[in-house]
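Student: Below you will find the structure I want to go over with you.
Every number in this text was worked out from the coordinates using simple rules, so none of it is lab data. The structure displayed is predicted, hence computed values, not measured ones. With ideal geometry, Cβ positions are generated from the backbone for all residues, glycine too; neighbour counts draw on all protein chains shown.
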Amino acid sequence: MKFEEIQLPADYIASMYKDTLVVIDNPNINDQPQNAPIQEHQKAKTATTTLQSNKKQVVQADNLDNATVLPFLGENKKKITILVWDETVPFIREEWLQFLSNILLACKLNIGDVAIVNQYTTIQTFKTLQQTLQSNYCIMFLADIQTLDLPFVVPAYQVQKHSNCSFLPAKSLSTYLPDDAITKEEKRKLWLSLKNLFNLK
């Protein structure tokens, strides 16, 4: 079975959010006024959240050097960091999460093994990411990896090792969702690079 054919049950997807770092007093976002405050479940006072004019939740960290405020989805059990750029939600939209879950299952992994960080909501350099996550692997679904302040630039799907971490730059997750010939080719390239990254047979 190909990883894009794997479907997760709704209750399993819901269970992955049980330890989310963001809680909202009123779960119905559309009933809240614009710019209504959102409570963030973190100790650091520098972390703030706002409700944008499009009524989507966005997490902001005022002090980007303080690694304790870094929000991420997952449990990071295997020190695998997945970076995304999503302007619509604090972590990752549902269809992107489903796609990532399929990929991870194909790699014999799950959401609990990784830390999904939305670079849009809390832009971090690799140095500050490492202070919290101690990544062995970093998969970057970003259009521009320069926000990480890395000392190298490599093309998509080429594995690069640096500071005891293996990096894999990929395309934005939106690239892999359409069902057409171009998308299938991008998925094939991604899968081959993941097999290389994790030494899969």
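Student: Under 8 Å for C-alpha pairs, at least 6 residues apart: give me the relative contact order for region 86-200, rounded to a whole percent.
Tutor: It rounds to 23 percent for region 86-200.
Student: Quote to one decimal, in nm, the extra length available between S172 and K195 on full extension: 0.36 nm per residue of separation minus the C-alpha distance between them.
Tutor: Full-extension gain reported as 6.4 nm.
Student: So how do 180-188, 130-138 stack up, highest first, on mean other-Cβ count within 10 Å?
Tutor: On the way: 180-188: 12.2, 130-138: 18.8.
Answer by packing, highest mean first, reads 130-138, 180-188.
Student: List every residue whose amide H lies under 5 Å from the amide H of A115, counting only residues 5 or more places away in sequence or on a different chain, with H placed 1.01 Å from N in the peptide plane.
Tutor: Sorted by chain and number, the residues that satisfy this are N76, I80, T81, I82.
Student: Something else about it: Convert each backbone phi in region 101-116 into a coupling constant with the Karplus relation 6.51 cos²θ - 1.76 cosθ + 1.60 (shift: θ = phi - 60°), then list the ³J(HN,Hα) values in order as whole Hz, x for Gly and Pro.
Tutor: The phi angles translate into 4, 5, 4, 4, 4, 5, 8, 6, 10, 8, 4, x, 7, 10, 10, 9 Hz.
Student: Then there's this: 5 Å is the cut-off here: which amide hydrogens, built 1.01 Å from N in the peptide plane, fall below it relative to Y157, excluding neighbours closer than 5 in sequence?
Tutor: Close amide H contacts, sequence-distant or interchain: A170.
Student: If you put +1 on each Lys and Arg Cβ and -1 on each Asp and Glu Cβ, how big is the dipole of region 56-201 around its Cα centre, in Debye rounded to 20?
Tutor: So the magnitude is around 720 debye.
Student: Kindly rank 139-149, 156-166 from highest to lowest mean number of other beta carbons found within 10 Å of each residue. Don't skip to the answer; put the middle values down first.
Tutor: Values: 139-149: 17.6, 156-166: 14.0.
Final packing ranking: 139-149, 156-166.
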